[in-house]
Ligand code: SF4
């Protein structure tokens with residue numbers, strides 16, 4: 001036990017939890033972390049932090065860390081510890097065997113938004129160059145892939161438009177499908193500071209989040225939308241702005257495509273999109289929709305912050321485009337205090353997307369079929385790349401069950417716990433002949449693995465993370481990898497064993513390669529980041545020190561493009577058999593699947609997932625506070641303890657998914673976003689019944 005205050009040196013690094021990307025000072029005694037203190041010069045957090053970054057890091061030395069590579073021939077066999085050479089050699093020979101037997105596209109890889117840009121770059125490079133397929137995807141598939149699609153289509157770039165500091169210049173804020181107090185706490189404190197200064201607040205959420213219920217701030221409107229009807233609500237808001245002449249016509253004429261705008265205007269002006277027409281579907285009274293629309297359009301600088309309550313729907317991409325439409329129509333793009341701001345869930349989800357972890361896009365969001373871009377990579381990497389898009393994660397699962405996808409290299413992602421329809425994921429992994437997991441703990445997915453490669457924590461690696469405001473920050477090693485190999489070294493070793501050479505001596509060389517091949521990263525280097533503290537991309541000849549706010553004079557795509565966003569109800573509607581709508585979210589002290597926070601003191605603050613149910617629905621079912629309840633959907637069934645509360649509206653139930661035993665994703669279905677296959681985690685039709693203790 002080391003007492004606080006015993007540090008002999010400190011290292012500046014970046015939090016490995018949420019997309020705020022707080023800078024931290026790791027106070028060290030030798031190779032032991034004494035404590036983590038928020039870095040006062042951190043440009044994302046300015047000396048602030050939350051309970052996760054500050055206290056939840058002792059998982060790095062938890063006794064359950066796996067530090068030796070392991071293999072087994074069958075998932076029913078026990079694991080055998082082997083040398084690095086044997087594990088890497090076995091994985092490589094299995095991938096080669098599968099490709100020779102079943103074809104080049106029978107294998108693929110998944111990159112992690114928890115890992116650094118450099119590590120993610122290498123995994124997608126290995127898949128494209130060593131496997132020579134485009135079957136590479138990232139866990140962004142299941143969170144913000146609709147953001148990438150929606151913002152690129154409308155504005156021209158797959159990223160948020162602002163800095164976090166920009167919120168201090170806003171006058172009216174829409175927070176939609178996000179609970180920043182729990183999921184992005186340091187940003188939430190800055191937002192609340194601005195609200196206390198007088199900014200107005202519109203919350204769009206099926207549930208009463210802390211922004212609505214806090215006695216210290218006041219939401220002007222809480223549009224308590226029914227899960228699955230976001231597009232209907234945004235259409236109604238736009239209808240008011242269009243029909244009450246609240247559009248910023250100067251902005252639209254100068255900055256946006258005229259034809260697309262006129263088509264959008266005609267569409268949203270239709271009576272079927274009016275608040276009165278949409279109030280029954282959305283559950284939001286028409287006068288509230290009208291009031292909120294008028295406030296946003298006339299209240300000064302208007303900004304929109306959104307989270308997974310926007311993206312994780314069958315119309316996730318449509319919702320993102322509807323948000324961009326709203327921002328353009330009101331002239332709220334291209335200066336301080338405005339903008340469209342996705343709140344990214346994971347520390348490096350922006351980065352994993354930037355690094356080309358998509359089956360259809362090379363780094364920098366350039367399509368794989370684009371000959372010029374592909375040839376540039378072919379020359380640099382000395383390989384011929386495939387021009388056709390590969391498989392997305394859900395397509396890999398389906399192909400596995402069809403017998404055409406046989407081998408997976410998965411880095412830092414627990415797909416069994418985090419992806420929807422657990423039974424389907426488990427069956428798909430069971431159908432594969434070689435599953436290679438690179439992680440720090442034997443997670444749920446490792447139960448289906450044949451090779452386990454022990455990965456490293458953020459304290460054991462050098463590299464960079466890119467946060468939700470496109471800010472690239474350094475991650476610095478404070479201790480040696482527990483397994484003796486850093487994640488980037490493992491990927492290089494696997495690639496070398498597969499016959500495609502990867503020879504780097506330090507992650508800074510990988511960043512140099514990223515900068516040379518990715519136009520938005522031109523000039524980015526470890527030296528530049530150290531000199532500036534952090535850099536926000538796009539970084540290039542015109543903006544050698546980065547770009548805090550995008551689309552200032554013109555959109556990245558030239559003119560902004562309004563898109564028709566027609567509301568299409570989800571298939572997950574309440575029925576007689578499944579009358580309630582199940583939705584999910586997060587809590588402050590835990591993080592995603594809980595692999596890290598469940599192995600830290602944070603677990604003391606939240607040690608189980610519970611089902612929030614409205615008193616009316618609870619009474620109908622004879623359910624009291626703390627009772628065990630069964631939750632059944634068409635996908636599966638699980639059991640949780642009930643929390644009877646008015647935080648949820650009648651007809652809606654809610655839980656978190658931080659503990660594997662809660663089985664939240666046993667219930668969620670294979671419904672997904674039409675454009676990106678992002679799962680519809682936020683709407684599942686269920687029945688809830690009182691049960692005896694499981
Ligand atoms: Fe880490 Fe996010 Fe908390 Fe900052 S707000 S300390 S990045 S979890």
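Bear in mind that the values in this text are calculations on the coordinates, not laboratory data. Just so it is clear, the structure is predicted and the values come from calculations on it, not from any experiment. Heads up, the Cβs are rebuilt from the backbone with ideal geometry, glycines too, and the neighbour counts pull from every protein chain shown.
General remarks:
- Relative contact order of the chain: 20 percent, from C-alpha pairs under 8 Å at least 6 residues apart in sequence.
- Ranking of 12, 472 by count of other Cβ atoms within 10 Å, fewest first: 12, 472
- Distance (nanometres) between label positions extended 7 Å along Cα→Cβ at residue 6 and residue 404: 5.9
- Looking at region 403-489, the DSSP beta bridges with both ends there are about 30 percent antiparallel.
- Secondary structure note: in region 580-690, about 60% of the DSSP beta bridges are antiparallel.
- Relative contact order of region 442-556, defined on C-alpha pairs under 8 angstrom at six or more residues apart (%): 20
- Ranked 166, 352, criterion: other C-beta atoms within 10 Å, fewest first: 166, 352
- Beta bridges assigned by DSSP with both partners in the chain are antiparallel in approximately 50 percent of cases.
- Principal-axis analysis of the Cα atoms of the chain puts helix 393-402 at an angle of about 60° to the longest axis.
- For the chain, the longest principal axis of the Cα atoms and the long axis of helix 371-381 meet at an angle of about 30 degrees.
- Taking label points 7 Å from Cα along the Cα-to-Cβ direction, residue 29 and residue 545 give a separation of 4.0 nm.
- This ranking places 246, 270 by how few other beta-carbon atoms lie within 10 Å of each, fewest first, which gives 270, 246.
- Global geometry of region 553-694, whether rounded, prolate or oblate, following the gyration tensor of its Cα atoms and the 1.5 cut on a/c: oblate
- Rounded, prolate or oblate (a/c below 1.5 giving rounded, otherwise prolate when a/b exceeds b/c) for region 9-61 by Cα gyration tensor: oblate
- Cα-based helix-to-principal-axis angle, 422-431 vs the chain, degrees rounded to 10: 30
- Computed from the Cβ-Cβ distance with R0 of 45 Å, the FRET efficiency linking residue 557 to residue 97 stands at 0.50.
- Tensor-based shape of the chain (alpha-carbon gyration tensor, a/c under 1.5 rounded, otherwise prolate or oblate): rounded
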